[in-house]
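The values are calculated or read from the model by the stated rules, or taken from the named source; none is laboratory data. The structure displayed is predicted, hence computed values, not measured ones. Neighbour counts are summed over all protein chains in view; Cβ atoms, including those assigned to glycine, are modelled from backbone coordinates with ideal geometry. Please note that ligands, DNA and RNA were not included when accessible areas were found on the heavy atoms of the full protein model with its side chains. Shrake-Rupley method; radii C 1.70, N 1.55, O 1.52, S 1.80 Å.
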Amino acid sequence: MRLSSIVFFMALTLSANASFAADVPPSWHGNIALNFAQINTAANTRSLTVFGTAKRETKTATTTIDQTYVNARQKPGTAGAVFTTTDDSWIANANHSFKTGERTNGFVNARLQTDKIQQLNLRSIVGAGLGVLVRKTDAMSFKTSVGVAGIREDFKGRAVSNKFSGQFGYNYTRKLREGTNFTNDFTIYPNLSKTSDNYYVAQFSLDQALAGNFYANIRYITDHTSIPAAGTPKSTSRLIFGIGTKF
């Protein structure tokens, strides 16, 4: 955990301290959203979700940091029943990209992830590569990326694994109408020495502006690992609703 944290924050430091020419000093902006639900039916359910994003842009570079935390508990509506944790996961990402051409950019990124239900103590990923802006208009943009990454996985009851993988992905954003934005991104990490071993994550997000700086968000996140911990599923999917504010 300590080594992975050091690597992760080194990536953040690189992003924060890289010096690029700009007409105005760069500043951070972003959003944070929160959802809490208490549902009392035949089974009582409590859930908490917190997610947020921060971004800093200059003419030649962009730094983005985001995190998502999900916790859910449930118990039967019978006397003496106790709550059982059905989800307890945390994901944090950092990405720094810098312009290398009219439609290309280099990038370095890092990812940390825990998931108690999948018995994942920690997955840490540090990567670098090249991105290409395939198409951009006033209403949409589509980017692809290719690179390499080092992955360290620590599952409960299994030896820690370290592997060298490829990193391939895309990011698609579209303005559906004024105040309504859709985003879809996907990244896959195939093990370069064992093709049957891979990990991927995909996300779909819809933001709707509300009054002032407030907005509503619907987010669907799914990920898949080909070699999970014993007795746990290979894939997880989460549908998250939230109300947030932009800053």
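Hey, with R₀ at 22 Å, roughly what FRET efficiency would residue 152 and residue 183 work out to, going by the Cβ-Cβ distance, to 0.05? Provide the component values of the computation, followed by the final result.
Details: r = 28 Å, r/R0 = 1.27.
So the FRET efficiency works out to roughly 0.20.
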Expressed in nanometres to one decimal, the distance between label points 7 Å along Cα→Cβ at residue 168 and residue 82 is 4.7 nm
Between residue 36 and residue 139, the two model label points (7 Å from Cα along the beta-carbon direction) sit apart by a distance in nm of 4.0 nm
Averaging 1/r across every pair of distinct alpha carbons in the range 182-247 and inverting yields a Kirkwood hydrodynamic radius, in angstrom, of 14.0 Å
accessible surface per residue for the range 129-223, probe 1.4 Å, DNA/RNA/ligands not counted, whole Å² -> 55 Å²
For residue 230 and residue 27, extending 7 Å from Cα along the Cα-Cβ vector and measuring point to point gives, in nm, a value of 5.6 nm
Measuring from its Cα centre, the chain shows a charge dipole (+1 at each Lys and Arg Cβ, -1 at each Asp and Glu Cβ) which, in debye to the nearest 20, is 180 debye
Treating every alpha carbon of the chain as one equal point scatterer without solvent, the Debye formula yields log10 I(q)/I(0) values at q = 0.09, 0.11 Å⁻¹ of -0.44, -0.66
A chain fully extended from residue 132 to residue 237 at 0.36 nm per residue, minus the present Cα-Cα distance, gains in nm 35.0 nm
Here the gain from full extension of residue 246 to residue 59, 0.36 nm per residue of separation minus their alpha-carbon distance, amounts to 65.1 nm
Rounded to the nearest 10 Å², the 1.4 Å probe accessible area of residue 36 is 140 Å²
When the chain is treated as a Gaussian network with springs between alpha carbons less than 10 Å apart, the largest mean-square fluctuation among 51, 83, 182 is found at 83
Once 89, 193 are ranked on solvent-accessible area with the largest value leading and a 1.4 Å probe, the list reads 193, 89
Set 163/246; 55/116; 143/234; 116/136; 59/175; 59/246, cut-off 32 Å on Cα-Cα distance; pairs above it are 163/246; 116/136
About its Cα centre, the range 103-175 carries a charge dipole, from +1 on Lys and Arg Cβ atoms and -1 on Asp and Glu Cβ atoms, whose size in debye to the nearest 20 is 180 debye
For the range 185-247, the percent of accessible surface on carbon and sulfur atoms (probe 1.4 angstrom, ligands and nucleic acids excluded) is 64 percent
